[in-house]
Every structure is written in structure tokens, then in C-alpha cells.
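First up is the structure itself, then whatever we jot down about it.
The values are calculated or read from the model by the stated rules, or taken from the named source; none is laboratory data. Everything quoted here is computed from the prediction, not taken from an experiment. Methodologically, a virtual Cβ is constructed for each residue, glycine included, from the backbone with ideal geometry; neighbour enumeration extends over all protein chains shown.
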Amino acid sequence: MTEATSELYCIGCGAKLQTENDQEAGFLPAARLAKADAGEAELYCQRCFRLRHYNEIQPVGLTDDDFLRLLNLIGEADALIVNVMDIFDFNGSLIPGLHRFAGDNPVLLVGNKADVLPKSLKRPRLRSWLTQQAHAAGLRPVDTILMSAKNKADVAELLTKIEELRNGRDVYFVGVTNTGKSTLINAILKQTSGIDDLITTSRFPGTTLDRIRLELDDGAGIIDTPGIIHRNQMAHYLDAKDLRLVSPTHVIRPKTYQLNPGQTLFLAGLARFDFIQGHRGGFTAYVDNQLLIHRTKLENADDFYDRQKGDMLQPPRPDSDVELPDLARFEFTTKQDSDLVFAGLGWINVPAGETVAGYAPAGVDVVLRKAMI
């Protein structure tokens with residue numbers, strides 16, 4: 001049994017600090033703890049220290065069920081729930097059964113990372129699309145906001161909306177991993193108190209390990225909860241060098257390809273798009289600007305992938321420490337302008353009336369949705 005240090009928690013990830021087991025959450029060397037002043041409030045565990053200073057991730061023994069148990073406590077609280085979603089990865093950001101976690105608490109839906117979408121997409125239209133998609137997924141938020149944690153005006157608008165809705169209650173921030181939830185709370189802290197980068201953030205799934213409570217002036221608190229880990233996201237099949245490809249930080253430049261039936265697009269070695277039947281037309285890909293796309297004939301696609309995976313088609317890299325599962329195939333025929341989505345990687349816009357197939361590593365979602373743009 002790991003001995004926990006009484007009443008001390010890592011301010012970066014929320015884990016209870018302990019000095020006995022360096023393979024478990026919250027480990028801090030005893031010598032470091034002994035040197036800490038008795039009143040020191042901002043202690044970081046060894047895992048957060050390495051992540052913040054060296055970008056090294058250390059696995060810990062928490063399971064998906066551990067994260068879900070923490071979220072189950074939300075329904076027992078009287079609070080405003082702020083559901084942060086990655087607008088670039090809407091489908092991968094959905095929390096199944098969020099209403100069960102929230103109980104009777106109101107939910108404010110926040111579409112984060114709006115700054116990476118093409119500027120031609122106006123926010124009122126995107127906000128309407130986001131609300132429609134949320135309703136289709138069974139969510140009934142009291143309001144919807146689009147924003148970027150990098151934009152001070154957006155953060156100020158979110159704070160105003162939170163104050164309007166919380167009525168003196170606690171505010172719980174919830175979301176799937178990599179939605180920018182902790183980054184957003186850091187932006188709020190920076191804007192309201194001048195504190196910089198208090199909570200540990202990274203592209204690694206599962207950075208926050210326990211609830212982190214930050215006190216408000218009226219005695220209520222802002223609580224950052226651990227991100228729910230969705231195994232259907234592409235991030236779980238990439239090594240540290242390639243995680244940037246599923247977390248764009250710059251405005252996406254759409255790439256349009258004029259395709260005939262019988263042509264294939266490879267999104268590096270991570271996903272594949274086949275145009276099976278229909279009319280020659282434009283198919284637009286919305287992915288990170290650094291992700292290389294290769295076009296080939298459908299009849300040659302299997303052989304091309306076998307020969308070029310890890311070479312011309314990178315990632316995956318030959319030296320990657322993460323094994324990429326075989327690609328699984330999903331076929332669709334569109335009835336309206338649609339997006340073929342590869343969870344966490346991006347999407348390809350498909351005109352109405354076309355038959356296409358999408359491939360992604362087994363376990364990663366490939367879905368068809370109403371076109372965002």
C-alpha cells in the first residue's frame with residue numbers, strides 16, 4: 001500500500017503526493033518534500049516536473065474506470081458543468097451519457113480551439129452547427145460558446161457567461177482528454193489573477209489525474225476534472241513526436257483534390273480515403289498542415305500501403321514505440337454534403353450522392369456527419 005503524504009496534492013495534476021512508489025501517481029522524492037517550506041502550496045509531483053521541463057510522460061496506474069468514478073461525483077454536487085469540447089475533434093470529444101454524470105446540473109457547452117478552423121467559417125454558423133450536433137448526440141446545453149483559450153476576449157466572454165449561469169455554485173470543467181480544458185483554466189487564472197501556467201498541460205492523454213480545485217472569491221470553486229480517455233481517438237496510436245498532428249495549433253489550410261471514382265487518398269500512414277462510386281468532383285481535406293497526403297489508384301492502394309507504410313507514408317515511424325493496429329474499413333453513401341471523420345485526425349468533405357470508404361487503425365472511429373463547412 002502506498003503511503004500518502006497527508007493533505008498535500010500536486011497542483012499540476014491533482015494527484016495526492018506520496019514518497020513510497022515512483023511508479024504511482026503523485027510520487028515526490030522524500031528529499032524534495034523535506035526541503036519544502038511548511039506553508040508551500042504549489043508542489044509538483046515528479047511526473048508533472050518531468051512533463052513540464054522535459055516533455056517526458058510517465059505512465060501511472062490509473063484506469064479508465066478510475067477517471068469515470070471521479071466524474072460520477074459531479075452528479076452529487078450542486079454546480080454548473082462546463083463541458084469543453086475540441087471543435088477540431090467534435091466527434092472524438094463527445095462524452096457518452098454526459099447527462100448521467102451531470103444529474104440535474106446545467107451544462108454550458110464550450111467549443112474550444114476555434115482558432116484552428118479556416119477563417120472563412122463564421123462563428124455564428126459554426127455555433128449553430130455545434131448546437132445541432134450536440135442535440136443530435138442527446139446533449140441539451142443551456143448555452144453554447146465558441147472560443148479559443150489563446151484569445152483574451154474569448155476568455156472574458158466565457159467568464160461572463162459562467163458568472164451569469166453559476167448562481168454562486170461551484171463550476172466543474174469536464175471533457176475528454178486533449179480538449180484544452182486545463183489550458184483554458186490556466187488562461188482564466190492568468191486573466192483573473194496573473195498566475196501563469198499553474199496546471200500542468202500537454203498533448204499526452206491523461207495529464208490531469210485527479211480533481212484540482214481553485215477557490216473563487218465567494219467561497220465557491222473552479223474544479224478541473226481528469227479528462228475522460230477515449231480509446232477511439234488517434235492520439236492513442238501516435239508517439240510523442242507525432243502528437244502535434246492531432247492537436248493543430250495553427251489555422252488549418254484546407255486541401256482540395258479533384259478525384260475520379262477509383263482513386264485513393266492516404267493521410268500519411270494513419271488513415272485512408274477511397275472514392276468508390278460517383279461523379280468526378282472536389283474532395284476537401286481538413287487536417288493538420290504538416291500531415292502529408294498521397295494520392296494513388298484504388299486498384300494499387302493495398303500494395304502501395306504495404307510497401308510505403310513507415311517510409312513515404314509517415315507516421316507511423318519505423319522507430320515508433322507505439323504499435324499501429326491494422327486499418328479497419330468503413331463504407332458510406334452520402335445523402336447530403338457530409339464530412340467523413342477520422343476521430344482526432346480530421347475529416348474529408350464529401351459531396352452528396354457519392355460512395356466512399358474510410359480506413360483508420362482498428363479502434364479509431366470513422367463516422368459520417370453533416371458537413372461542418
Query raised in the report: Restricting the first residue to the stretch 155-172 and requiring it to be assigned by TED's automatic domain parsing to the domain that holds residue 192, which pairs with a second residue that is hydroxyl-bearing (Ser, Thr, Tyr) and not in a helix (DSSP H, G or I) meet a Cβ separation below 8 Å and a spacing of at least six or different chains?
Result: 172/225
Query - Wholly enclosed helices (runs of 4 or more DSSP H) of the stretch 47-140 bearing at least 3 residues at pLDDT 80 or above - result: 90-93, 123-136
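I'd like the full set of residues that are hydrophobic (A, V, I, L, M, F, W, C) and either closer than 14 Å to residue 87 by Cβ or surrounded by 20 or more Cβ atoms within 10 Å (Cβ to Cβ) (or both), limited to the stretch 140-153.
So in the stretch 140-153, the residues hydrophobic (A, V, I, L, M, F, W, C) come out as 142, 145-147, 149, 153.
Those that are hydrophobic (A, V, I, L, M, F, W, C) and either closer than 14 Å to residue 87 by Cβ or surrounded by 20 or more Cβ atoms within 10 Å (Cβ to Cβ) (or both): 145, 146, 147, 149.
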Report task. Would you check if residue 144 is at pLDDT 75 or above, assigned by TED's automatic domain parsing to the domain that holds residue 104 and part of a strand (DSSP E or B)? Result -> yes
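Checking the condition assigned to a strand (DSSP E or B) and within 21 Å of residue 364 (Cβ to Cβ), which residue from 306, 321, 302, 274 passes?
Sole residue among the options that is assigned to a strand (DSSP E or B) and within 21 Å of residue 364 (Cβ to Cβ): 274.
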Report summary line: By residue number, the members of the stretch 316-357 that are surrounded by fewer than 12 Cβ atoms within 10 Å (Cβ to Cβ), in contact with a helix residue (DSSP H, G or I) (Cβ under 9 Å, 6 or more places away or on another chain) and of a type outside the set (D, E, K, R) are 325
Requested in this report: Looking only at the stretch 284-298, decide whether some residue is hydroxyl-bearing (Ser, Thr, Tyr), in contact with a Phe, Trp or Tyr (Cβ under 6 Å, 6 or more places away or on another chain) and at negative phi.
Outcome: yes
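With the condition kept exactly as written, say whether any residue in the stretch 298-314 is in contact with an Asp or Glu (Cβ under 8 Å, 6 or more places away or on another chain) and within 17 Å of residue 246 (Cα to Cα). Give the steps one after another, and end with the answer.
Applying the first criterion (in contact with an Asp or Glu (Cβ under 8 Å, 6 or more places away or on another chain)) to the stretch 298-314 yields 298, 301.
Filter once more, keeping what is within 17 Å of residue 246 (Cα to Cα): none.
Checked against the condition, which is being in contact with an Asp or Glu (Cβ under 8 Å, 6 or more places away or on another chain) and within 17 Å of residue 246 (Cα to Cα), the stretch 298-314 yields no hits at all.
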